[in-house]
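Just below is one structure, and these are the notes that go with it.
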Amino acid sequence: MAKLHFFYSTMNAGKSTALLQSNHNYQESGLETMLFIPNEIAEKSGGKIISRIGLKANAIIVNKEYQFFDSLNATNYDQISCIFVDEAQFLSKEQVHSLSKIADELNIPVMCYGIRTDFKGNLFEGSSELLAIADNLNELKTICSECDKKATMVVRLDEKGDVILKGEKILIGGNEIYKTLCRKHFRKLTNLI
């Protein structure tokens, strides 16, 4: 039976790189895959999954109304060997259920990659549901920007590099507005936990 996998971490842990490498391995073996990216990130990436080290691949852009199972079930899905979803934190609870149905009923492995928590330490909807129902949870590790401990949190920075605690849950950006931290330094810099 196929499984639903969730590869999670903070920013800068190589999630997109790992996704693209796994996709390459399937394609190198002559197997077909499908890649998806939520429209929140696709607007900035031009509809591509892009890693910080320069790897990239075209992806199907999905919005919150996209039904993974229904869309795939309406195609010749027998040729698909694996589904990959980048930035899975932006998925809705229903979309995660739809992906699990693909694994359960269509017997196609689904690999989701995403960030666990936002800049306030709160779970994203997609990540929360994946943590609850995925068959396999895989943490990709990176280092705190303040010490040598494992980073598990992220903070948002203003234009001066100061930590900010207010703002929209979703703000797409990289190292210019986010910094990865261990829980100890997250607590010290935010007083949120």
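So here's what we get for this one:
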{"read-out": "Selection count where residues are part of a loop (DSSP other than H, G, I, E, B) and either modelled with pLDDT of 95 or more or closer than 30 Å to Glu94 by Cβ (or both), scope region 149-162", "value": "3"}
{"read-out": "Identity of the residue in region 172-193, in contact (Cβ under 8 Å) with a residue 24 or more places away in the chain and hydrophobic (A, V, I, L, M, F, W, C), that ends up surrounded by the fewest Cβ atoms within 10 Å (Cβ to Cβ)", "value": "Ile193"}
{"read-out": "Lys160 outside the structural domain of Thr17 (by TED's automatic domain parsing), more than 18 Å from the chain's Cα centre (by Cα) and among the basic types (Lys, Arg)", "value": "yes"}
{"read-out": "Check on Asp104, over 16 Å from the mean Cα position of the chain (by Cα) and in a helix (DSSP H, G or I)", "value": "yes"}
{"read-out": "Flag if Thr33 is outside any strand (DSSP E or B) and touching a residue at least 24 places away in the same chain (Cβ under 8 Å)", "value": "no"}
{"read-out": "Pick from region 44-59, criterion in contact (Cβ under 8 Å) with a residue 12 or more places away in the chain and out of contact with any Ser or Thr (no Cβ under 9 Å at 6 or more places or on another chain), ranking: nearest to Gln95 (Cα to Cα)", "value": "Gly47"}
{"read-out": "Among the residues listed as Thr180, Thr117, the single one being within 20 Å of Phe7 (Cβ to Cβ) and not assigned by TED's automatic domain parsing to the domain that holds Thr17", "value": "Thr180"}
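The values are calculated or read from the model by the stated rules, or taken from the named source; none is laboratory data. These figures come from a predicted structure and were not determined experimentally. Cβ sites come from the backbone with ideal geometry, for glycine too, and all protein chains shown count toward neighbours.
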